[in-house]
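A.B. asks: First, the structure itself, so that you have it in front of you.
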Amino acid sequence: MSTVEERIETITNNVEARGEGKRGATVHDLLAIGGITGCRGAVIMDDAPAGLVERALRQNEGVLTVTGALSVETGKYTGRSPEDRFIVDTPDVHDKISWGKVNKPFSPENYALVKEAVIDHLRTRDLFVVRAVAGADRRWCRKFLIVCERASQALFARQLLVRPSKRQRDDYFPQDFTVLAAPDLKLDPAKYGTNSEAAVLINFEDRCIIICGTAYSGEIKKSVFSVMNFLMPIEENVLPMHSSANMDPVTGETAVFFGLSGTGKTTLSADPQRVLIGDDEHGWADNSIFNFEGGCYAKAIKITPVTEPQIYGAIRFGAICENVVVNHVNRKPDYFDDSLTENTRVAYPVDYIDNAAVMGQGRYPNVIIFLTADAFGVLPPISRLDKNAAMYHFLSGFTSKVAGTERGITEPQPTFSTLFGEPFMPLNPLHYANMFGDRLERSGTRVYLINTGWTGGPYGVGQRMDLASTRQMVTAAQNGSLEDGEFVRDPVFNVDVPTHVDGVDDSVLFPRETWADKDAYDEAAARLAKMFVDNAAKKYPDMPEDVRAAGPKAE
C-alpha cells in the first residue's frame, strides 16, 4: 500500500494535469486518498438530509417515525464495543500512545489486510460520502471524509459533525482523515487478527479510521473524537474535553460539564435559560472553548416533553433514532421500551435546539462541573474543588457505568474513567491533567463536583437524585450565588460542601443525613474513598503529591 503522502502527490499531479487545480478535485480524488479506487457502484457526495433519508428508506435501513425522524436498529451492536477498538502501532505514534487495556495496539500488517478487505467490500457498493469537519473553530479544525455503505450512517455523520462552509468545501482536498464505515462486512478474527467479526481501527500514519462489522454509529463519532484528542494537544496546544458546554446569553459566561454517558451532560447543558454550545466534545484553547461537533447524540430512554423538552423537540425530520422501539402501525416511538437496549439514542444537528450557539464557540469557561452518578449513594450532591482537587478528580473520573452504554452492562457499575473519557484519550493522562491545571490557574475557573446518582442509600436501596434539585445546584454554581454561602469540609472525601442551595432541601446536601443506617453510610463512604486512593496509586504513581493529597482520605 502506498503512503498517504504518495497518494496525495499522485492525485494532485493528476488534477493539475487536467488544468483544474486543487479546487477541481473530484469525489473520486478524495476517495483515492483513502485508498478507494475502481468504484463499481454509485457515489453520492454531500447529499442533503432529505435525499439521504429517501435512500435509507429505499434500502430498508429504517422507518420514519410520526415526528419525521429516521429510526434505525443497529442489530447485535447497540453500544460501543471497546474490546474491538485498536490503534495501529506505527513508528510515528509508538512512543506517544498510552498503551494498555484501553489503547490496544494493532499490527500494521493486519491493518493492511483489514483495509484491503474493507476497500474490496466498499468498491462494490453504492457509497455515501460526507465532507465533514471536526472543530467549530476553523483555526484548529480537521477535515474528515466519511465514506459509508449505508445512507443512514452518512446522515448521522452529516448531522453530528460540523458542516463545512463553501470555502472549506472548495479547499477540502486533501482531507486530513478518511473514515471507512462498512457495517455489513464481518471479519474472520483468525485471518485478520481482530477480537471478533467487528473492528474499529485508528491509523495515524495512514490517516484512516476503519469501522466494520458494527452498525452502531457512535463508533464513528467516538473514533473522530479519539483522533482529535491525539492531534489537538500535540499540534495545537488545545485541551480536548469529553464535555458539554453552554453559556449565559447576557454575560457570555461559559460553563463546561464533564461526565461519562448517563451522568447528565446532555440533559443539564440543554438549559432553556442558556445558550447551548455543544453536548459532548470540546476543545479548550487559550481564550476560548469550541465544539468539536455540529450536532448532539442524546440518550432517548424515558425521554418526555416534560423532563427534557428541548431534546424531545429535536426528534424530528433530519434526526436519527437508534434502537428506539417504534409502533409499526402508527409509527409512534416508545421511549420507555428498552427491549432493544437501554442505550437508545437520537442524533440531530445542534441548531435543532432553539437556543443553540450555531457557531459552536464561547469564551474560556467561568465554571466547570464534574458530573458523576455515584451508585454507592455517599458522595455529596454538590461540592467545591480547588485546583489540586480538580486535577485529582479529573484524573479519577469516577462514576457508575449505566446500562447500555457498553455491551454487557445491564446495571450501574462503579468505575474510574480517566479524564471522564478514558476510552478516547490516547496520550498519557498526566499530559491532559497538566494542561487542565494550567488553564484553571490562568483563568480562575471555579470547579464543582455534582453527584447525579443515588441518595438515601446505594443503588437498589436509595433513589436517584431528582433532576429538579440537580438543576438548582447547577444554576447556583453557574451564577456564582453558591459562593455567597458557607461551606463545610467533608472529612472523608476532602471536598467543601455548601450548607445551603436555593431551592434544595438542606438535608439533601449531606448524604449521611439521608441514610436511615448511619453506620452503613460510614462503611460505604470509607469503601468508596479507598477505591479512589487505590485507583490513584495504581494508575498514577507519578501523580504530584499536592494533587494526591487533595483526594479522598482512606483509613
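A.B. asks: Give the carbon-plus-sulfur fraction of the accessible surface of the chain in %, rounded to a whole number; probe 1.4 Å, heavy atoms of protein chains only.
C.D. replies: C and S atoms contribute 49 percent here.
A.B. asks: Along Cα→Cβ, 7 Å out, is where each label goes; now give me the distance between the ones at H431 and Q273 in nm to one decimal.
C.D. replies: Simple spin-label model gives 4.0 nm for this pair.
A.B. asks: So if I take the centroid of the Cα atoms in the range 110-129 and the same for the range 510-545, what is the distance between those two points in Å?
C.D. replies: Going from one Cα centre to the other spans 49 Å.
A.B. asks: What FRET efficiency would be calculated for the residue pair R167, H28, taking the C-beta separation as r and a Förster radius of 22 Å, to the nearest 0.05?
C.D. replies: 0.50
A.B. asks: When the C-alpha atoms of the range 39-163 are aligned to their principal axes, what extent does each axis show, in angstrom, from largest down?
C.D. replies: Between the extreme Cα coordinates on each principal axis of the range 39-163 lie 50, 36, 29 Å.
A.B. asks: Here is a follow-up. For the range 482-522, rounded, prolate or oblate, judged on the Cα gyration tensor with a ≥ b ≥ c (square roots of eigenvalues), a/c < 1.5 rounded, else prolate if a/b > b/c?
C.D. replies: Oblate is the answer for the range 482-522, as a/c is 1.5 or above yet b/c matches or exceeds a/b.
A.B. asks: Using alpha carbons only, what's the Rg to Rh ratio of the range 223-346 with Rh from Kirkwood?
C.D. replies: 1.02
A.B. asks: For the range 326-379, state what percent of all Cα-Cα pairs lands in each successive 5 Å bin, counting from 0 Å until the bin that includes the largest distance.
C.D. replies: 4, 11, 10, 12, 17, 16, 14, 10, 4, 1
A.B. asks: Return an integer: the convex hull volume of the alpha-carbon atoms of the range 29-73, in Å³ per residue.
C.D. replies: 102 Å³
A.B. asks: Can I ask one more? Does anything in the range 273-311 have its amide N under 11 Å from the 7 Å Cα→Cβ label point of N195, and if so which residues?
C.D. replies: Backbone N within reach: none found.
A.B. asks: Tell me, what is the per residue accessible area of the chain in Å², probe radius 1.4 Å?
C.D. replies: For the chain, the solvent-accessible area averages 38 Å² per residue.
A.B. asks: Find the percent of Cα-Cα distances in the range 444-555 that exceed 25 Å, and round it to a whole number.
C.D. replies: Considering the range 444-555, 30 percent of its Cα-Cα pairs are separated by more than 25 Å.
A.B. asks: Please work out the Cα center distance from the range 152-189 to the range 424-466, rounded to the nearest Å.
C.D. replies: 31 Å
A.B. asks: What ranking of K104, K96, K221 comes out by heavy-atom accessible area, probe 1.4 Å, highest first?
C.D. replies: K96, K104, K221
A.B. asks: Related question: Which Rg and Dmax, in Å, describe the Cα atoms of the range 158-200?
C.D. replies: 16.0, 46
A.B. asks: Using a 1.4 Å probe and ignoring any ligands, DNA or RNA, find the accessible area of D517 and quote it in Å² to the nearest 10.
C.D. replies: 80 Å²
A.B. asks: Evaluate 2.2 N^0.38 Å with N set to the residue count of the range 385-528, then give the Cα radius of gyration divided by it.
C.D. replies: Output field value: 1.13.
A.B. asks: Which percent, nearest 5, of DSSP beta bridges in the chain are antiparallel?
C.D. replies: 65 percent
A.B. asks: Still on this structure: So how much slack lies between F487 and K538, counting 0.36 nm per residue of separation and subtracting their Cα-Cα distance, in nm?
C.D. replies: 15.2 nm
A.B. asks: Can you pull a Stokes-Einstein diffusion coefficient for the chain at 25 °C (0.890 mPa s), Rh from Kirkwood over Cα pairs, as a whole number of µm²/s?
C.D. replies: 102 µm²/s
A.B. asks: Right, next: Do you know the relative contact order of the chain, to the nearest whole percent, from alpha carbon pairs under 8 angstrom that are 6+ apart?
C.D. replies: With pairs under 8 Å counted, the relative contact order is 14 percent.
A.B. asks: With no solvent and one equal point scatterer placed on each C-alpha of the range 150-278, evaluate the Debye formula and give log10 I(q)/I(0) for q = 0.13, 0.16, 0.23 Å⁻¹, two decimals.
C.D. replies: Each listed q maps to, in turn, -0.74, -1.05, -1.39.
A.B. asks: Can you give the calculated 222 nm mean residue ellipticity of the chain, where each DSSP H run of n ≥ 4 adds -39,500 (n - 2.57) and the sum is split over every residue, rounded to the nearest 500 deg cm²/dmol?
C.D. replies: -8000 deg cm²/dmol
A.B. asks: While we're on this one: Which of the lysines could a cross-linker bridge to K553, judged by Cα under 23 Å and excluding same-chain residues fewer than eight apart?
C.D. replies: Straight-distance partners of K553: K387, K518, K530, K538, K539.
A.B. asks: Rounded to the nearest 0.05, what FRET efficiency do K332 and R464 give with R0 = 35 Å and r taken as the Cβ-Cβ distance? Could you check?
C.D. replies: 0.85
A.B. asks: What pairs in K221/K265; K143/K222; K101/K221; K143/K186; K222/K265 have C-alpha atoms more than 18 Å from each other?
C.D. replies: As for pairs spanning more than 18 Å Cα to Cα, those are K101/K221; K143/K186.
A.B. asks: Calculate, in whole percent, how much of the Cα-Cα pair population of the range 100-151 lies beyond 14 Å.
C.D. replies: The proportion of pairs with Cα distances above 14 Å equals 70 percent.
A.B. asks: Enumerate the whole-percent occupancy of each 5 Å bin, from 0 to the last occupied one, for all C-alpha pair distances of the range 504-549.
C.D. replies: 5, 19, 18, 15, 14, 14, 11, 5, 0
A.B. asks: Let me ask something else. Would you kindly give the portion of the calculated P(r) for the range 93-197 that falls above 22 Å, as a percent of all Cα pairs?
C.D. replies: Counting every Cα pair in the range 93-197, those more than 22 Å apart make up 47 percent.
A.B. asks: Once Rh for the range 268-312 is found with the Kirkwood sum over Cα pairs, what is the Stokes-Einstein diffusion coefficient at 25 °C and 0.890 mPa s, in µm²/s?
C.D. replies: 204 µm²/s
A.B. asks: With a/c under 1.5 counting as rounded, go ahead and sort the range 446-511 into rounded, prolate or oblate using the C-alpha gyration tensor (a ≥ b ≥ c being the square roots of the eigenvalues; past the cut-off, prolate if a/b is larger than b/c, else oblate).
C.D. replies: Judged from the Cα gyration tensor, the range 446-511 comes out oblate (a/c at least 1.5, b/c at or above a/b).
The values are calculated or read from the model by the stated rules, or taken from the named source; none is laboratory data. The structure displayed is predicted, hence computed values, not measured ones. Note: ideal-geometry Cβ built from the backbone for every residue, glycine included; neighbour counts use all protein chains shown. Only protein heavy atoms, including side chains, enter the accessible area calculation; ligands, DNA and RNA are left aside. Shrake-Rupley method; radii C 1.70, N 1.55, O 1.52, S 1.80 Å.
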